[in-house]
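K.L.:
There's a structure below that I have some questions on.
Computed from the coordinates by the stated procedures, all read-outs in this text should not be read as laboratory data. Bear in mind the structure is a predicted one, so any value in this text is a computation, not a measurement. Backbone-built Cβ (ideal geometry, glycine too); neighbour counts: all protein chains shown.
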Amino acid sequence: MDVALRALLLALSLATGFACAAPINLRQPPPQELGEQVTVLSETDTAWTPIEALAELQARGALGTEKVLNVGIGRPPIWLALELENPSAEVLPRRLLLGQSWLDHIDVWITSPDGSTRHWRTGDEVEGQPGLNDVHGYVFAHDFGPGVHRLLVRVATADPLTVNLRLRTPEGADAEATRDRYLYGFLYGFIASLIAYNLMLYIGLRRRVYVLYALYLSAFLLLNLSYTGRGALWLWGDWLAVQRFSNVSLIVLMPSAGLLFAREFLDLPRLAPRLDLWVRLGYWIGPVLLLGTMLSNAYEAAVWLAFVVLGLFVFAMVGLGVYAVRRGYPAARYFLLGAVCSMLGTALTEFSVWGQIPFSVWAYRGIEIGMMLDASLLALALAQFVRGEVEQRRDAERAARADPLTLLANRRGFIEAAELELSAAARDRSPLAAVLVDIDHFKRVNDVHGHAVGDRVLVEVAEGLRQAARPGDRSARWGGEEFILLLPNTGREAAEALAQRLREQLQAASIHGVQPPLHVTASLGVAEWRSGETLAELVARADAALYRAKESGRNRVEIDAPLLA
């Protein structure tokens with residue numbers, strides 16, 4: 001045993017006069033954190049030895065004022081002293097738990113009643129991070145014999161100096177770990193499934209919004225792994241250069257990924273070019289400033305930058321959500337609600353870590369809860385976004401097959417439907433007929449009354465076709481002033497009768513808004529489908545019959561000659 005350790009052992013064994021509460025009963029460790037039961041003191045400008053720290057703690061130490069001690073960012077190291085009593089005659093195995101995982105340097109000394117002292121050294125910048133646990137932070141297991149034991153702890157970090165000190169039985173610590181692992185397993189599974197789902201959507205649909213959302217979720221997942229210590233345990237191990245800047249880097253990169261996603265989701269380059277410039281500046285400036293702090297090894301500046309960027313990010317997302325709601329953007333309400341949840345959760349975590357509000361488990365996990373709600377609502381927003389795109393595509397396809405003036409099918413839409421009817425007629429050997437309708441002297445209507453009246457005439461004729469058509473009939477504007485009807489399960493005579501009724505109906509109608517009221521007539525050509533005939537051939541014969549009707553004086557129905565046996 002070296003001289004310094006012997007001196008510490010003696011000092012701890014003789015230490016009296018601490019501003020301590022009653023010793024902690026090791027038989028029944030308190031369920032709460034121990035911050036209010038320790039003597040605490042911040043180090044001055046020069047580093048103290050344990051002996052110096054004991055002397056300062058005896059002279060100036062005070063009881064902690066919070067269950068979780070929260071000093072803030074860039075503060076000097078703090079020292080803690082505590083007495084632990086085993087009133088029984090048996091040895092009690094206990095675990096001292098100390099968070100958070102990002103604390104750079106941790107020294108723990110426990111002196112037993114027999115004078116023996118045990119020392120642990122670990123922390124975020126200590127190779128191997130001895131005692132690091134994926135749930136509890138750092139774990140120090142010790143067997144406490146009968147009597148009073150004295151605990152001395154030194155914690156130093158450039159990150160937020162938050163000390164969450166707990167004492168647990170092995171069974172209690174394991175139970176807490178199991179519960180937390182289930183909770184984090186659910187969180188990670190939920191986020192990972194959303195990432196996989198959006199990557200599959202990207203592969204299938206080739207829309208950048210999905211891969212950017214997956215990138216945003218991945219950045220949050222990596223950030224959580226980093227600040228809970230799981231990154232060091234599972235991913236980068238002893239790579240201290242990565243470990244040192246992992247938290248601050250991911251705190252900065254996650255907002256950049258979020259702004260990239262928001263920019264694409266809200267289509268800012270097209271809808272708001274000026275706002276888009278600010279968003280683009282926003283997702284570049286953080287990483288650039290972070291790189292500057294890393295190159296200059298200004299770690300404390302990097303920490304402040306990270307928290308400022310994160311705070312500005314959540315407000316920016318809320319602002320973008322408000323803007324999108326005002327513009328009536330699809331799924332904007334989901335986006336805004338998710339941003340508000342993320343903002344509240346992040347604010348709770350930031351203020352808790354900074355020491356602005358009392359530290360609690362729920363406040364500390366606020367960012368996780370907020371991000372889960374945010375991810376859920378953004379998933380709903382993306383679902384509505386997809387649904388909106390599908391509906392827009394369906395509307396566009398419908399519009400591509402419809403005439404915008406008369407709302408009948410256009411030639412393209414009619415041909416697609418008619419081909420199916422021809423196939424059905426061929427399969428079932430059922431009759432089929434076509435009727436071509438041409439408005440008489442339509443050019444004169446436009447020349448005399450104007451195109452607005454001409455459009456009204458076209459709409460009136462289209463309405464006449466809709467009224468004359470039976471369920472299952474297909475009607476369309478064939479082009480210009482020509483219309484067409486396809487009549488499934490209809491022979492030559494029935495088609496002629498329907499065409500006559502339509503002609504009479506059109507002749508009796510009048511176009512209002514013109515003085516005197518305007519009456520129009522139409523010429524019609526009818527043809528019955530012949531087995532093996534194409535649609536183009538059927539329409540050509542109906543067109544030939546229509547030509548004869550016009551040549552014969554208009555306002556009449558002509559029928560294509562039957563096929564001679």
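K.L.:
For the chain, find the longest principal axis of its Cα atoms and tell me its angle to the long axis of helix 492-508, 0 to 90°, nearest 10.
P.N.:
Around 90 degrees separate the two axes.
K.L.:
As a test of the formula, what do you get for the chain when each DSSP H run with n ≥ 4 contributes -39,500 (n - 2.57) and the sum is divided by the residue count, at 222 nm and rounded to the nearest 500 deg cm²/dmol?
P.N.:
-18000 deg cm²/dmol
K.L.:
Rank these for me by crowding, ILE484, ILE559, going from fewest to most other beta carbons within 10 Å.
P.N.:
Exposure proxy ranking, most exposed first: ILE559, ILE484.
K.L.:
If packing is taken as the mean number of other Cβ atoms within 10 Å per residue, what is the order of 415-426, 136-147, highest first?
P.N.:
136-147, 415-426
K.L.:
Roughly what angle does helix 170-205 make with the longest principal axis of the chain, taking Cα atoms, 0 to 90 degrees, to the nearest 10?
P.N.:
Around 30 degrees separate the two axes.
K.L.:
Considering Cα pairs under 8 angstrom that are at least six residues apart, work out the relative contact order of the chain and quote it in whole percent.
P.N.:
In percent, rounded to a whole number, it is 9.
K.L.:
When only DSSP loop residues count, what trypsin sites (Lys or Arg not before Pro) in the range 454-540 have their Cβ near at most 12 other Cβ atoms within 10 Å?
P.N.:
none
K.L.:
Enumerate the whole-percent occupancy of each 10 Å bin, from 0 to the last occupied one, for all C-alpha pair distances of the range 411-559.
P.N.:
Cα pair-distance distribution for the range 411-559, in percent: 12, 43, 31, 11, 2, 0.
K.L.:
Now for a separate question. List the trypsin sites (Lys or Arg not before Pro) in the range 271-352 that DSSP assigns to loop (not H, G, I, E or B) and whose Cβ has at most 11 other Cβ atoms within 10 Å. Which are they?
P.N.:
Answer by residue number: ARG327.
K.L.:
Let me ask you something else. Taking +1 at the Cβ of each Lys and Arg and -1 at the Cβ of each Asp and Glu, which of VAL252, TRP239, GLY282 sits farthest along the dipole of the range 183-393 towards its positive end, judged by Cα position relative to the Cα centre?
P.N.:
Value computed over the given set: GLY282.
K.L.:
Highest mean first, how do 334-341, 238-245 rank when packing is the count of other Cβ atoms within 10 Å averaged over residues?
P.N.:
334-341, 238-245
K.L.:
Same structure, new question: Using only Cα atoms, find the angle between the long axis of helix 366-400 and the longest principal axis of the chain, and express it within 0 to 90 degrees, rounded to the nearest 10.
P.N.:
Tilt relative to the chain: about 10 degrees.
K.L.:
With a 10 Å radius around each residue's Cβ, average the other Cβ atoms per peptide and rank 390-403, 213-226, 533-546, highest first.
P.N.:
213-226, 533-546, 390-403
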